[in-house]
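I have placed the structure first, in the form of C-alpha cells, so that the comments after it can refer back to it.
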Amino acid sequence: MRVSFLLNGDKTTLNVQPNTRLIEVLRKDLALTGARPGCLYGTCGFCAILLDGELSLSCMIPAFRVNNCVVTTIEGFMETRDFRDIEIGFHRAGSVPCKFCASAKVLTTHWAITSHPTPDSDTLNRAVNAVQCRCTSYARFSNAIRYSAEVRRKRLHGRKR
Ligand code: FES
Ligand code: FES
C-alpha cells in the first residue's frame, strides 16, 4: 500500500504492508528511533508520537492509517521552539528522563500543556500515567509538566498564569 504523509515537516511517501505498524516504519524504514518499542500493545506509552497534533501510540497505529496525516516524532519536535519550553521546564524540576522514556515524556508534556495551558490535577494525572516510568516520582514528572506550562505561558503571553 502506498502511503503519503507529512513527517516532521517533510512530505514522505513509501510502500507499506497492511499489517505494518507505524512504529516499525518510523524506526526501520525511516531511521527515526526516538519512538521506543516497549510493550508494543498500547500500555507503556514509550512509542508516543503526535498524529495531527494528538498524542498517539505508534505501536497501535497501522502505517497505512497515516495517509494524508501530519506525523511529528521527537526528532522533528526537537527542532521547534516548543521543545525548548519543555527542556527548560524539566531542568527546573530536576527531571532527567532516561533515553527510553524521554521522547514520550516530552511529547506527552507538549500535548498536556497545549490542550491545557494551565494543567489541572486531572490533566497532570493523565499525562503522568500516560508514560509507564517506575523510576521517577509522580511529583517530579508532574512538576516538570507544570514548569513547562509556566515557561510556555510566559513565552506566549508574557505571564506565568
Ligand atoms: S510500545 Fe508500549 S504503548 Fe507502544
Ligand atoms: S523509564 Fe525513563 S526515567 Fe523511568
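What to note about this one:
- Residue in region 82-100 that is more than 23 Å from ARG134 (Cα to Cα), in contact with a strand residue (DSSP E or B) (Cβ under 9 Å, 6 or more places away or on another chain) and either loosely packed, with under 14 Cβ neighbours inside 10 Å or assigned by TED's automatic domain parsing to the domain that holds ALA130 (or both) present: no
- Boolean, SER115 is under 21 Å from CYS44 (Cα atoms) and of a type in the set (Gly, Ala, Ser): no
- A search for C-beta distances below 6 Å between a residue of region 126-149 that is touching a residue at least 24 places away in the same chain (Cβ under 8 Å) and any residue that is β-branched (Val, Ile, Thr) and part of a helix (DSSP H, G or I), counting only pairs 6+ apart in sequence or on different chains, returns ALA130/THR108; VAL131/THR108; PHE141/VAL128; ILE145/THR109; SER148/ILE86; SER148/THR109; SER148/ILE113; ALA149/ILE113.
- Identity of the residue in region 32-68, more than 15 Å from the chain's Cα centre (by Cα) and among the aliphatic types (A, V, I, L, M), that ends up surrounded by the fewest Cβ atoms within 10 Å (Cβ to Cβ): LEU40
- Filtered residue count, region 103-118, keeping only those that are surrounded by fewer than 23 Cβ atoms within 10 Å (Cβ to Cβ), assigned to a helix (DSSP H, G or I) and out of contact with any Ser or Thr (no Cβ under 8 Å at 6 or more places or on another chain): 2
The values are calculated or read from the model by the stated rules, or taken from the named source; none is laboratory data. None of the values given here were measured: they were computed from a predicted structure. When we count neighbours, we look across all protein chains shown, and the Cβ atoms used for this are built from the backbone with ideal geometry, even at glycine.
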